[in-house]
Amino acid sequence: MKEEGRLLIGINPVLEALRRGERRFEKIYIAKGRGGPKTDELVNLARERDVHIRFEQREIIDRICGSANHQGVAGVVSAKEYSTTDDMLGLAKKRNEEPFIVILDGIEDPQNLGGIIRSAEAAGAHGIIIPERRAVGVTDAVARTSAGAVEYLLIAKVKNINNTIAELKEKGIWIIGLDAEGEKRYYEPDYKMPLAVVIGGEGVGIRPLVLKGCDFVVSIPQKGRVNSLNASVAAGIIIYEILKSRSAA
């Protein structure tokens, strides 16, 4: 098990980074059984800043760090500073364009997230929204797979996808889900409206509650024996259909 992110290893580097508040943590690993004043302070600071803490056996942290010289603490730091949905809407307004946002409901593979970021940036999307939990963040592996696109695309990390969808709908954004059971083909709608397209996680697709929040759902027709597409490929298909629809005279 290797964590594909920027690692801070040891209690003092992680604690100091939390104190200063200048680094965005994806998560912090703490060895089970580790205690003491510094550990207590680290846990309290992490919780104040909504940083996910995982308590693991020391052997697991050994594998993450590549050595046993970690003092029972390792932090995974984001490879990018996150933005907000308001930043994305502001960018759309600045470009004099209807908002075009991609919402990812639980993408866990860094290769898929990097590929989606690359497609979304190339197609002129105003940003990508990812959840804080049960999903990959913007790690070094994601940044590499994106071929540099991560530096140019706004990315927001939110606590609750359902709440974010509700907030976007209140601001006049149409929510479009991509799912195998969609009532329309992906090429049928006119995508010139302000929109956010939701892509589900690998294997499980869009979660039922998230799907319920979509204004309508589209599908990608398939004729082969494999009944699902790679998440990055599926995202690329609809992202470029949106670009095509908006580019049409």
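Tabulated data
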quantity: Cα-based Rg and Dmax for segment 46-117, where Dmax is the largest Cα-Cα distance (Å); calculated: 17.9, 53
quantity: The chain: calculated mean residue ellipticity at 222 nm from DSSP helix runs of at least 4, using -39500 (n - 2.57); calculated: -11000 deg cm²/dmol
quantity: Å³ per residue enclosed by the Cα convex hull of the chain; calculated: 137
quantity: Degrees separating the helix 11-20 axis from the principal Cα axis of the chain, which is the longest one; calculated: 60
quantity: Per-selection Kirkwood Rh - segment 1-109 (Cα, Å, 1 d.p.); calculated: 15.6
quantity: Accessible area of THR84 in the full protein assembly, 1.4 Å probe (Å², nearest 10); calculated: 70
quantity: Helix axis angle, 231-247 relative to the chain longest principal axis, alpha carbon, degrees; calculated: 40
quantity: Heavy-atom accessible area order for HIS52, HIS126, largest first, 1.4 Å probe; calculated: HIS52, HIS126
quantity: Stokes-Einstein translational diffusion, segment 44-85 - Kirkwood Rh over all Cα pairs, 1.567 mPa s, 4 °C, in µm²/s; calculated: 106
quantity: Reach of LYS192 by Cα under 13 Å, taken over aspartates and glutamates that are not fewer than 8 positions away in the same chain; calculated: GLU97, GLU98, GLU241
quantity: Ranking by accessible area, most exposed first, for SER67, SER228 with a 1.4 Å probe; calculated: SER228, SER67
quantity: FRET E, pair ARG20, HIS52, Förster distance 25 Å, beta-carbon r, rounded to 0.05; calculated: 0.85
quantity: Percent accessible area from carbon and sulfur atoms, the chain, protein chains only, probe 1.4 Å; calculated: 47
quantity: Distribution of pairwise C-alpha distances over segment 172-249, 10 Å bins, in %; calculated: 18, 55, 24, 3
quantity: On Cα atoms only, tilt of 110-122 relative to the major axis of the chain in degrees; calculated: 50
quantity: Student exercise, segment 150-249 dipole from Lys, Arg, Asp, Glu Cβ charges, in Debye to nearest 20; calculated: 60
quantity: Solvent-accessible ranking of MET88, MET193, largest area first, probe 1.4 Å; calculated: MET193, MET88
quantity: For the chain, share of DSSP beta bridges that run antiparallel, in % to the nearest 5; calculated: 25
quantity: Calculated FRET efficiency for the pair PHE216/GLU81, C-beta based, R₀ 41 Å, to 0.05; calculated: 0.75
quantity: In Å², nearest 10: area of GLU81 left accessible to a 1.4 Å probe; calculated: 120
quantity: Cα-centred dipole magnitude for the chain, charges only on beta-carbon of K, R (+1) and D, E (-1), debye, nearest 20; calculated: 240
quantity: Aspartates and glutamates with Cα under 12 Å of LYS159, excluding same-chain neighbours fewer than 8 positions away; calculated: ASP50, ASP105, GLU132
quantity: For segment 69-202, convex hull volume per residue from C-alpha positions, Å³; calculated: 124
quantity: Positive dipole terminus of the chain, leading residue within VAL198, GLN71, VAL102 (C-beta point charges); calculated: GLN71
quantity: Ratio of Rg to Rh over segment 1-62 (Cα coordinates, Kirkwood Rh, two decimals); calculated: 0.92
quantity: Qualifying lysines (Cα of each under 23 Å from Cα of LYS157; at least 8 residues distant if same chain); calculated: LYS2, LYS27, LYS80, LYS93, LYS94, LYS169, LYS171, LYS212
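The values are calculated or read from the model by the stated rules, or taken from the named source; none is laboratory data. Here the structure is a predicted model, which is why all the values come from computation and not from measurement. All Cβ positions, glycine included, derive from the backbone under ideal geometry; neighbour counts span all protein chains shown. Each accessible area value is taken on the protein alone, full model and side chains, heavy atoms only, with ligands, DNA and RNA left out. Shrake-Rupley method; radii C 1.70, N 1.55, O 1.52, S 1.80 Å.
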